[in-house]
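Q: Starting off with a structure, shown below.
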Amino acid sequence: MNDILARMEPITLEEMDAIKLMNRIDTKFVTNSNVLRGVLEDAVARGYRVCTIEGHRITGYLSLYYDTPGLAMYLAHHNGRKTRQKVRTRTYLVSGESFLEIKRKNNHGRTKKKRIQIPSEDFGHFGTNAEAAEFLAEKSWFTADQLEPRCTTEFDRITLVNREKTERVTIDTNLRFHNMATGLDGNLADAVIIELKQDGRLPSPMREILASHRVMPYRISKYTIGTVLTDPSAKDNRFKEKVRYVEKTINKRITNRYERNI
C-alpha cells in the first residue's frame with residue numbers, strides 16, 4: 001500500500017484535529033486488501049490526503065477493551081441494546097501516547113467519544129490512576145473497580161481526508177486479538193475494516209468510491225469480533241453471521257486457537 005500512499009499529499013495530525021464534523025455520521029465497511037488497492041488508487045485520483053505522523057503514513061494502534069466479569073458491555077451489543085458503551089485504553093505506537101477512551105452510542109445510532117490522556121504504564125490497569133478513575137466514573141455507567149481488562153486489538157491504520165475536509169476515512173488492516181482472560185489469540189487474516197466519518201449534510205466521494213468497488217456498509221465491532229474469536233464461553237449467536245461475512249469477504253476461514261461452531 002505504501003506505493004499508493006506515497007502519491008497522496010500528507011496532512012498533519014494538527015490539521016486533522018482542526019476538522020470539525022458537526023453533523024457527523026459514522027459508517028463501517030468490510031473488504032479485503034486486493035479491493036483496498038483499487039479504493040486507494042481512486043482516492044488518489046479524487047485528491048484525498050493521508051494523515052502522516054513522524055513520516056509514517058501507516059501507523060500502529062494497540063487497544064485494550066475493558067468489561068465487567070460478566071461481559072456486560074459485550075452482551076449489551078450482542079443483545080441489540082441501542083444505547084451502549086465501550087471502555088478502552090489505546091496506545092498510538094508511533095508516538096507512544098496512551099489514552100483512556102469511553103465510547104457511547106445513543107438510540108439514534110450516533111457515537112460520541114470522550115477521552116483523557118494517561119501515562120503509558122497505566123495502559124493495562126488505569127484504575128490505579130485517580131484522575132482516570134474519576135474521569136470514568138463521571139463519563140460512563142461504570143467505575144474502575146467494576147471492570148477488568150478483557151481483549152486487546154492491534155492493527156495498522158491509514159487515515160484519509162477528502163479535499164473539501166468534510167470527511168475522514170480510517171482503514172484498519174492486519175487485525176489481531178488477544179484475550180486477557182482466556183489467553184487465546186485470533187485474527188482477521190486479510191480483512192480490512194473501513195470507517196467513514198462524514199458530514200451528513202454533504203455528498204461523500206468515498207461512499208461513491210466504495211460503491212464502485214461493490215463495498216457496501218456493514219456494521220461490525222472489533223471488540224465483539226475479537227471476543228467471539230478468543231473467548232469460547234462468550235454468547236455468540238448474534239455475531240456468527242458477522243464472522244461468516246468476513247470469511248466470505250476474504251474468501252478464507254478465520255483462524256483462532258480453538259474450534260468453535262461458527
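Q: Would you look at the GNM of the chain, springs on alpha carbons closer than 10 Å, and say which of 155, 142, 126 moves the most?
A: The residue that fluctuates most here is 142.
Q: Still on this structure: Per the helix-only calculation at 222 nm, which mean residue ellipticity applies to the chain, given -39500 (n - 2.57) for every DSSP H run of n ≥ 4 and division by its residues, nearest 500 deg cm²/dmol?
A: Counting only the DSSP helices, I get -7000 deg cm²/dmol.
Q: Separate question: Where both partners of a DSSP beta bridge lie in the chain, what percent of those bridges are antiparallel, to the nearest 5?
A: Here the share of antiparallel DSSP bridges comes out near 95 percent.
Q: Return the inverse of the average 1/r over all pairs of distinct C-alpha atoms in the stretch 105-224, which is the Kirkwood hydrodynamic radius, in Å to one decimal.
A: 17.3
Q: Report, in degrees rounded to the nearest 10, the 0 to 90 angle that the Cα long axis of helix 33-45 makes with the longest principal axis of the chain.
A: 50
Q: Give the long-range amide H neighbours of residue 218: residues separated by 5 or more places, or on another chain, with amide H under 5 Å away, using H modelled in the peptide plane at 1.01 Å from N.
A: Hits under the 5 Å cutoff: 28, 29, 30.
Q: Please identify, among 127, 60, 183, the residue showing maximal mean-square fluctuation in a Gaussian network model of the chain using a 10 angstrom Cα cutoff.
A: Result for the chain, Cα springs under 10 Å: 183 fluctuates most.
Q: If you line up the long axis of helix 130-139 against the longest principal axis of the chain, both from Cα atoms, how many degrees apart are they, to the nearest 10?
A: Taking the Cα atoms of the chain, the angle to 130-139 is about 80 degrees.
Q: Moving on to the next point. In whole Å, what is the distance between the alpha-carbon centres of the stretch 185-215 and the stretch 64-130?
A: Each part reduced to its Cα centre gives a spacing of 23 Å.
Q: Angle check, please: helix 240-250 long axis (alpha carbons) against the longest principal axis of the chain (alpha carbons), in degrees 0 to 90, nearest 10.
A: So the inclination is approximately 30 degrees.
Q: If the elastic network links every pair of Cα atoms under 10 Å, which of 196, 71, 160 fluctuates the most in the Gaussian network model of the chain?
A: Looking only at 196, 71, 160, the largest GNM fluctuation is found for 71.
Laboratory data are not the source of any read-out in this text; all were calculated from the coordinates shown. Fair warning: this is a prediction, and the values are worked out from it, not measured in the lab.
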